[in-house]
Structures are given as C-alpha cells and as structure tokens.
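Below is one structure, written out as structure tokens, with a few remarks after it.
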Amino acid sequence: MSEAFVYLWYDALNKMYYLGSSIGKDPNYAHSSSVMESFTMKTKPAHMHRKILDRGTHEEMLALEGKLQTNRKERCWDRYYNEVVCDGVYGGFGSGENNSQWKGGVWANDPVTYYTEYRQTPERKAWRREYDKKLNQTPERKAANKRHTAAYHARKKAETQGEGTLKAFLK
C-alpha cells in the first residue's frame, strides 16, 4: 500500500533543494520547511519543481528520507534547505531531548522561539533580503511589480486630485 512518499523540491531560482516525505493525505501539501519559500501545491511558484522519489508505507518513507538526507548531509548539505536529518522515529525527528528541534528545554519550532531566535537573527534577515532580491528579478515578478506600482500611483493621483480640477469652474 502506497500511503506515503518521499519527494525532492528543486528551487531553480536559488539552485537549492529540499528533501522530505509526506503521508499523502493532503493533495495541496507542498513541504514543511521553515526555511524554503512557503507555498502550497495550488500556489506553487514557476521556479519550484517537485519530483516524487518513491512511494510506500509511512515507516518505509521515513527510513528512506533519513537515509537520503544522511547521504546528502555527508556530501552537499549546503545546497539543501533542510536543517535537520530525519531519524525515522516519531514523525521523523525523535522525541524530547533526542529531537534536534528540542533546544534547551523548548521546541525550536515554538512560534515565540522561532520568531525571536531564528527569524530575527541578522544572518536570517540578510539571507531573506538576498532571496527576495533574486525572486524579484524573475520576469513574472517584475511584471507583477510594474502592474502593482502603476495601479498604486494611479490611485494616489486620483486621491490628490479629489473630485477633479474643473469642479471649481463648473459652479
């Protein structure tokens, strides 16, 4: 029975990968990375490409995910958005102190910890600025920014003109 699968995302814009697994119940599920750009299958950017590597039971796919990530960590982990390697236990990352996301008595994916200790670091902010610059250089994004800017300026111009410049002369 193929209840789960292992997938590999390729971000063509940044030439980076993300390797993960899913139990396959949500057809709109894309990934669980907290580092890679957030999206669903319905909102997938054109520069993101997913390949299903294998299908099987949940336990088999967790084991395969851990094996593949360990291999990649030894060879080219800097080209992956993954932060930790799946250990194939308890949803993939162990439990409690054995979990790499357990930092000093708090979960690293705790929203308060995550936003104050990870998302707000100077390194993360600099990385995000560079990522956004690259993202805004795609032809699709440039066109969208141009449309947005034109609409914004038209709206502001209409607001400053009020009801029109001829109103005072028409009374």
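Taken together, the values in this text are just the output of simple stated rules run on the coordinates, not laboratory data. Since this is a predicted model, take the numbers as computed values, not measurements. For neighbour counting, all protein chains shown are included, and Cβ atoms are generated from backbone atoms with ideal geometry for every residue, glycine included.
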Under the Kirkwood approximation applied to all pairs of distinct alpha-carbon atoms, what is the hydrodynamic radius of the range 1-88 in Å? 13.2
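Mind giving me the FRET efficiency for Asn71 and Tyr29? R0 is 22 Å, r the Cβ-Cβ distance, nearest 0.05 is fine. Could the numbers behind the result be given before it?
Details: r = 24 Å, r/R0 = 1.09.
The computed FRET efficiency comes out at 0.35.
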Rounded to the nearest 5, what % of the DSSP beta bridges within the range 1-88 are antiparallel ones? 95
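In what sequence do Met61, Met36, Met16 fall when counting other Cβ within 10 Å, fewest first?
Working: Met61 27, Met36 21, Met16 18.
By the 10 Å Cβ count, ascending, the order reads Met16, Met36, Met61.
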Top positive-direction residue, dipole computed over the range 1-88 with Cβ charges, set Leu64, Thr43, Asn28: Thr43
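Using the Cα centre as the reference, give the magnitude of the dipole from point charges on the C-beta atoms of the range 1-88 (Lys, Arg: +1; Asp, Glu: -1; all else neutral), rounded to the nearest 20 debye. Mind dumping the intermediate values first?
Details: 12 positive and 12 negative charges, 76 e Å.
My answer is approximately 360 debye.
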